[in-house]
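Visitor: The structure under discussion is supplied below as structure tokens; questions concerning it will follow.
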Amino acid sequence: MPLTPGMVSSNFIGVQHLHVAKMLTDVAGENPATTYETPVDMGKVLISVKIQPKNSEAQLYADNQSIEASNVISEYTLTFDTAALPLEYKAYLLGHRVDDGVMTVSSKDSAPYFGIAFQSDKANGTARFVKFLKVKFNEPEESSSTKNENIEYQTPTMTATAIYRISDGLAAKYADEESAGADSEAIANWYTAM
């Protein structure tokens with residue numbers, strides 16, 4: 001598709017609406033090959049999101065110069081700064097148990113894979129919508145400090161690794177309300193399914 005000269009995109013000013021859906025199946029060649037539970041709205045928890053692709057690069061040299069370069073993204077590291085997460089959410093994301101308000105962490109626990117979705121809001125009132133389709137969360141970094149004369153919020157940071165689905169080789173999807181030909185129906189249903 002040829003590019004339109006002079007395209008512009010408004011700047012990002014916020015992030016919101018983190019949804020997660022537990023992945024149930026991811027199998028090559030089956031129909032449906034990938035299935036998820038119904039997405040869960042995590043509420044007002046998202047402070048910031050950082051997306052870091054892990055690039056693998058190689059260059060081929062011949063006759064004393066580089067004649068070809070290759071670049072492959074092997075995975076993504078996602079970093080979420082969040083408000084305090086309820087124990088139930090933390091246990092859900094990390095494969096732990098909560099009974100009678102007590103979360104138990106076991107050596108046998110295994111974090112499941114999730115599909116995640118969120119949006120980055122823009123200064124002009126539009127948004128870019130993001131999905132990562134196979135994500136595994138890591139235990140969050142948390143710290144606490146004593147109260148003093150200045151109030152300081154102590155918020156956790158969670159990291160996750162996003163990889164490619166086995167079923168179709170997809171890792172992520174993006175939609176932007178400012179894109180030419182933006183699919184308004186897909187954007188309206190962004191959080192209903194992965």
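The values are calculated or read from the model by the stated rules, or taken from the named source; none is laboratory data. As the structure is a prediction and not an experimental result, all values here were calculated from the model. Backbone-built Cβ (ideal geometry, glycine too); neighbour counts: all protein chains shown.
Visitor: Is at least one residue of the stretch 63-70 closer than 22 Å to ARG165 by Cβ and out of contact with any Leu (no Cβ under 6 Å at 6 or more places or on another chain)? Quick ask: steps written out before the conclusion?
Guide: Looking only at the stretch 63-70, we keep the residues that are closer than 22 Å to ARG165 by Cβ, and these are none.
There is no residue in the stretch 63-70 that is closer than 22 Å to ARG165 by Cβ and out of contact with any Leu (no Cβ under 6 Å at 6 or more places or on another chain).
Visitor: Okay, moving on. Among the numbered conditions (1) within 21 Å of THR126 (Cβ to Cβ); (2) out of contact with any Phe, Trp or Tyr (no Cβ under 8 Å at 6 or more places or on another chain); (3) touching a residue at least 24 places away in the same chain (Cβ under 8 Å), tell me where HIS17 comes up short.
Guide: (2)
Visitor: Could you please give the count of residues in the stretch 131-149 that are modelled with pLDDT under 95, in a strand (DSSP E or B) and of a type in the set (Lys, Arg)?
Guide: Just the residues of the stretch 131-149 that are modelled with pLDDT under 95, to begin with: 138-149.
With the extra rule that they be in a strand (DSSP E or B), the set shrinks to 141.
From what is left, the residues that are of a type in the set (Lys, Arg) are none.
Total meeting the criteria: 0.
Visitor: If you go through the stretch 162-180, how many residues are surrounded by fewer than 16 Cβ atoms within 10 Å (Cβ to Cβ) and among the polar types (S, T, N, Q)?
Guide: Qualifying residue count, the stretch 162-180: 1.
Visitor: Filter the stretch 11-54 down to residues that are under 23 Å from ASP168 (Cβ atoms) and not in a strand (DSSP E or B), then give me how many there are.
Guide: 10
Visitor: Checking PRO53 against (1) under 17 Å from MET158 (Cα atoms); (2) over 18 Å from the mean Cα position of the chain (by Cα), which single condition isn't satisfied?
Guide: (2)
Conditions tested, residue by residue: (1) touching a Leu at 6+ places or on another chain (Cβ under 7 Å); (2) of a type in the set (A, V, I, L, M, F, W, C); (3) surrounded by 10 or more Cβ atoms within 10 Å (Cβ to Cβ).
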| residue | (1), (2), (3) |
| --- | --- |
| SER107 | no, no, no |
| ALA111 | yes, yes, yes |
| ASN124 | no, no, yes |
| GLN154 | no, no, no |
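Visitor: Checking the structure you have, find out if any residue of the stretch 20-32 is under 16 Å from the mean Cα position of the chain (by Cα) and exposed (fewer than 15 other Cβ atoms within 10 Å of the Cβ). Break it down stepwise before answering.
Guide: In the first step, residues of the stretch 20-32 are kept if they are under 16 Å from the mean Cα position of the chain (by Cα); the result is 20-23.
After this cut, where a residue has to be exposed (fewer than 15 other Cβ atoms within 10 Å of the Cβ) as well, the list is none.
No, because not a single residue in the stretch 20-32 is under 16 Å from the mean Cα position of the chain (by Cα) and exposed (fewer than 15 other Cβ atoms within 10 Å of the Cβ).
Visitor: If you don't mind, there's one more thing I want to ask. I'd like the residue in the stretch 84-140 that is out of contact with any helix residue (DSSP H, G or I) (no Cβ under 6 Å at 6 or more places or on another chain) and among the β-branched types (Val, Ile, Thr) and, out of all such residues, is farthest from ALA172 (Cα to Cα).
Guide: VAL102
Visitor: Checking the structure you have, find out if any residue of the stretch 37-59 is over 22 Å from TRP190 (Cα atoms) and either free of Cβ contacts under 8 Å to residues at least 12 places away in the same chain or touching a Cys at 6+ places or on another chain (Cβ under 6 Å) (or both).
Guide: Going through the stretch 37-59, the residues over 22 Å from TRP190 (Cα atoms) turn out to be 52-59.
Narrowing the set further to residues that are either free of Cβ contacts under 8 Å to residues at least 12 places away in the same chain or touching a Cys at 6+ places or on another chain (Cβ under 6 Å) (or both) leaves 59.
Looking through the stretch 37-59, at least one residue is over 22 Å from TRP190 (Cα atoms) and either free of Cβ contacts under 8 Å to residues at least 12 places away in the same chain or touching a Cys at 6+ places or on another chain (Cβ under 6 Å) (or both).
Visitor: Mind checking whether some residue in the stretch 162-183 is out of contact with any strand residue (DSSP E or B) (no Cβ under 9 Å at 6 or more places or on another chain), part of a loop (DSSP other than H, G, I, E, B) and under 21 Å from SER74 (Cβ atoms)?
Guide: Yes; the residues of the stretch 162-183 include at least one that is out of contact with any strand residue (DSSP E or B) (no Cβ under 9 Å at 6 or more places or on another chain), part of a loop (DSSP other than H, G, I, E, B) and under 21 Å from SER74 (Cβ atoms).
Visitor: Now a separate question. Between a first residue in the stretch 1-14 that is farther than 14 Å from GLU178 by Cα and at pLDDT 75 or above and a second residue that is surrounded by 10 or more Cβ atoms within 10 Å (Cβ to Cβ) and not β-branched (Val, Ile, Thr), which pairs have beta carbons less than 7 Å apart while being 6 or more apart in sequence or on different chains?
Guide: Filtered contacts from the stretch 1-14: ILE13/ASP121; ILE13/LYS122; ILE13/ALA123; GLY14/ASP121.
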